[in-house]
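Asks: Below: one structure in structure tokens.
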Amino acid sequence: MGYPRRRAHPRRGALLPAVAALLLLFLAVSLLSIAISAPPLADRHPGISRRSLRHPPTSRWTARDLWGSELASNFYGCSHSSGKFLAFLNPADSSVATQPDRYLLIVTSGGLNQQRTGIVDAVVAARILNATLVVPKLDQTSFWKDSSNFSEIFDIDWFISFLAKDVKIIKEPPQKGGKAVRPYKMRIPRKCTPQCYLKRVLPALLKKHAIRLTKYDYRLSNKLDTDLQKLRCRVNYHALRFTDPIKELGKRLIQRMREKSRYFIALHLRFESDMLAFSGCYYGGGEKERRDLGAIRKRWKTLHTSNPEKGRRQGRCPLTPEEVGLLLRALGYGSNVHIYAASGEIYGGEETLAPLKALFPNYHTKESLSSKDELTPFLAHSSRMAAIDFIVCDGSDAFVTNNNGNMAKILAERRRYFGHRRTIRPNAKQLYHLFTNRGNMSWDKFSSQVRKVQKGFMGDPMEVKPGRGEFHAYPAACICEKTDENKSSPGSNQEIVNRTGIRKAIGEPAYPVYTDEEADGSDTEDDPTGTGEEEMITEEDPAAGEEMVTEDDPTATEEVIDTEAEADDDSSVRQEGSELEEILSD
């Protein structure tokens with residue numbers, strides 16, 4: 001006897017295709033949502049994979065955190081002289097502090113920002129020597145090949161008049177018998193202390209009356225007494241003004257960025273082929289990258305053999321455009337933010353920039369914002385082009401850099417002085433580990449870790465540990481903290497009692513200040529004693545019958561020491577001085 005045939009449930013067969021279709025539709029929508037919201041990553045970047053980005057970026061930061069610091073209003077720039085410093089001056093001019101027949105001439109070195117440090121320090125050196133300063137001569141023969149003189153970049157009349165109470169400055173070398181005086185050429189160690197200047201330079205100045213210091217960049221100690229540091233600040237933040245044509249175009253570009261968005265980021269993107277070649281870093285471009293950059297690297301005959309992996313571990317490699325984009329998105333900046341990029345020709349061109357532009361489509365440069373007629377007068381002059389970028393970067397709501405070179409340092413200190421505006425310098429050593437392990441963590445964890453390692457690298461007040469950092473990045477002596485009594489009138493020198501009951505002078509620095517007596521030997525790279533005991537390098541004119549060491553001597557190497565290097569940093573490597581400094585300058 002046969003069993004009756006079981007009848008299928010009338011609804012089961014009809015529902016299965018519908019349920020499956022709904023599941024497929026839900027899965028497709030979810031995948032599409034993730035693809036749109038998550039920041040893209042370039043496939044070529046080692047250690048990072050697309051599949052790791054499963055969630056859109058989130059941030060716990062507020063808009064105030066992104067564009068400014070809550071504590072910034074408690075601090076202000078203070079570069080006024082003390083009564084002791086002014087006591088040596090005539091109220092009208094610097095004649096009392098300037099001795100007759102002492103003339104100091106300076107030849108700067110490198111690009112715009114490296115030369116700027118030389119100009120600032122030249123004024124202080126003239127003050128130390130009680131000498132008249134001749135307007136510094138700019139480097140016109142280095143890697144940058146810019147023929148601009150001082151008056152074509154900076155307002156020379158303002159420079160002279162603003163500093164009249166500090167140092168006497170003249171435009172041209174003095175004349176004797178109707179002819180310009182031929183100065184005695186010297187080169188002094190890097191980071192020379194005031195005692196070093198008095199021991200090494202002053203005797204020659206008293207004998208020769210006119211001294212020319214060549215390759216003058218970072219030739220003055222970072223650790224000076226407070227009044228000399230404040231003089232540095234007066235020069236850098238007030239006396240050095242760009243010429244009107246440069247200022248006007250820079251201001252127009254800022255205005256055009258503001259027309260696009262209320263806030264904007266300025267990015268100093270140092271990712272040109274020469275910089276990458278010099279760094280010795282590897283960015284995943286295969287044999288072509290090794291061949292291209294290796295050929296450029298041969299330019300420096302004494303450059304040490306590179307270890308790309310070690311360089312990245314130690315944070316010595318510039319961040320890629322993509323890494324900068326990831327850093328900013330992890331900090332909380334949205335894809336709608338407008339970015340002004342200050343850079344040269346990026347290695348790899350649009351292919352290299354594509355990941356950054358995917359993260360931030362609103363990407364602008366001076367070339368894209370300017371008309372041909374506006375930019376043409378500056379195109380042949382790299383320093384004037386850099387000055388335009390400097391103005392826009394300085395005027396941005398947030399400034400970020402992919403390296404810690406001279407422009408990054410100078411803008412960092414300037415933005416601290418003028419209100420601690422948001423300034424993001426990558427903690428490259430710690431970020432390296434996050435970028436390398438990016439494929440093993442969610443986006444939320446990645447962004448949280450980025451915000452954690454970037455604490456202390458965001459331009460906030462008091463983020464620098466005592467005793468760390470160079471003056472050209474952290475102008476400690478020129479940052480003062482407001483109190484309840486002086487918030488309405490900063491700059492007074494009267495003494496008050498703050499809320500803690502501790503007496504302090506209004507206008508005294510909020511950071512530790514080191515005098516020369518407290519300076520340790522590491523501050524004089526070429527002269528560990530800080531007293532200038534090493535053999536003096538002179539560059540006397542051959543016609544005078546004395547031996548000359550030329551400025552372009554390829555054997556004249558100088559040691560470059562990273563003052564913030566960790567113990568495992570290879571900071572003892574000697575490298576070719578002239579071009580080494582030029583490449584790192586801007």
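Asks: Tabulate in residue order the Karplus-calculated ³J(HN,Hα) for region 153-162, using 6.51 cos²θ - 1.76 cosθ + 1.60 with θ = phi - 60°, rounded to whole Hz; enter x for Gly and Pro.
Replies: Karplus values, whole Hz, x for Gly and Pro: 10, 10, 6, 5, 5, 4, 4, 5, 6, 5.
Asks: Remind me, relative contact order of region 83-241 in percent, using alpha carbon pairs under 8 angstrom and six or more residues apart? Please report the intermediate quantities before stating the final value.
Replies: Working: 267 pairs, mean separation 51.2, N = 159.
Relative contact order of region 83-241: 32 percent.
Asks: Using the Cα centre as the reference, give the magnitude of the dipole from point charges on the C-beta atoms of region 83-241 (Lys, Arg: +1; Asp, Glu: -1; all else neutral), rounded to the nearest 20 debye.
Replies: 700
Asks: Sticking with this structure for a sec: Counting only residues 5 or more places away or on other chains, whose amide H sits under 5 Å from the amide H of Phe154 once H atoms are built in the peptide plane?
Replies: Counting only residues 5 or more places away or on other chains, the set is Thr243.
Asks: First measure r as the distance between the Cβ atoms of Glu374 and Asp157, then evaluate 1/(1 + (r/R0)^6) with R0 = 22 Å and state the FRET efficiency to the nearest 0.05.
Replies: It comes to 0.30.
Asks: Still on this structure, please answer the following. Rank by packing, highest mean first: peptides 187-194, 116-123, 76-83, with packing defined as the count of other Cβ atoms within 10 Å averaged across residues.
Replies: The most tightly packed comes first, giving 116-123, 187-194, 76-83.
Asks: What are the residues whose amide H is under 5 Å from the amide H of His338, where those residues sit 5 or more places off or on another chain and H is modelled from the backbone?
Replies: Ile265
Asks: Turning to a different aspect of this structure: Using only C-alpha positions, report the orientation-averaged shadow area of the convex hull of region 83-241, nm², one decimal.
Replies: The number I arrive at for region 83-241 is 9.2 nm².
Asks: Region 315-435: Rg/Rh from Cα coordinates, Kirkwood Rh? Don't skip to the end; give the middle numbers.
Replies: On the way: Rg = 14.7 Å, Rh = 15.4 Å.
Radius of gyration relative to Kirkwood radius: 0.95.
Values quoted throughout were computed directly from the atomic coordinates according to the rules given, and no laboratory measurement underlies them. Here the structure is a predicted model, which is why all the values come from computation and not from measurement. As a convention, Cβ positions derive from the backbone with ideal geometry for all residues, glycine included, and neighbour counts pool all protein chains shown.
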